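Student: Dumping the structure here so I can ask a few things about it.
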Amino acid sequence: MAQRQPVAIFGGPLEPAAVAALAKRVGLALVAVALPVAVGAFAGTALTAGSLSAATDATAGAMSGPLTAAQGLSWLFYISALGTALGCWVLGLGLLLDGLDL
């Protein structure tokens with residue numbers, strides 16, 4: 001007769017180790033998806049603007065205004081930069097909770 005082996009689970013849904021593991025995975029996924037999009041959008045803006053300084057000015061202008069004002073590659077850069085920043089914050093939360101050893 002086969003015996004059931006205990007399954008290793010976390011103590012509860014809000015245990016710091018479980019939240020840390022989830023936050024690290026979500027943060028890494030957000031950064032892995034959003035960062036290449038941001039780099040590609042900036043490269044596309046640089047190619048269409050003609051120079052690096054004009055592309056920098058265009059993306060800085062898009063980032064300083066409201067989200068609804070940007071269009072095209074500027075809007076894509078805006079969204080992907082926000083996604084990258086959010087991913088960094090979530091990843092940092094996961095690393096902080098993992099380092100606390102609660």
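Student: Please verify whether LEU30 is assigned to a helix (DSSP H, G or I) and either surrounded by 19 or more Cβ atoms within 10 Å (Cβ to Cβ) or out of contact with any strand residue (DSSP E or B) (no Cβ under 8 Å at 6 or more places or on another chain) (or both), treating the condition exactly as stated.
Tutor: Taking the combined requirement at face value, the residue satisfies it.
Student: Does segment 51-62 contain at least one residue that is modelled with pLDDT of 85 or more and either closer than 20 Å to ARG25 by Cβ or assigned to a loop (DSSP other than H, G, I, E, B) (or both)?
Tutor: Yes; the residues of segment 51-62 include at least one that is modelled with pLDDT of 85 or more and either closer than 20 Å to ARG25 by Cβ or assigned to a loop (DSSP other than H, G, I, E, B) (or both).
Student: Any residue in segment 57-75 that is polar (S, T, N, Q) sitting within a Cβ distance under 7 Å of a residue that is at pLDDT 85 or above? List the pairs, counting only those 6 or more apart or interchain.
Tutor: Close Cβ pairs (under 7 Å, with a partner that is at pLDDT 85 or above) amount to THR59/PHE42; THR59/THR45; THR59/PHE77; SER74/THR45.
Student: Got at least one residue in segment 77-91 being surrounded by fewer than 16 Cβ atoms within 10 Å (Cβ to Cβ), at pLDDT below 90 and among the hydrophobic types (A, V, I, L, M, F, W, C)?
Tutor: no
The values are calculated or read from the model by the stated rules, or taken from the named source; none is laboratory data. The structure displayed is predicted, hence computed values, not measured ones. Note that each Cβ is placed from the backbone with ideal geometry, even for glycine, and that neighbours are counted across all protein chains shown.
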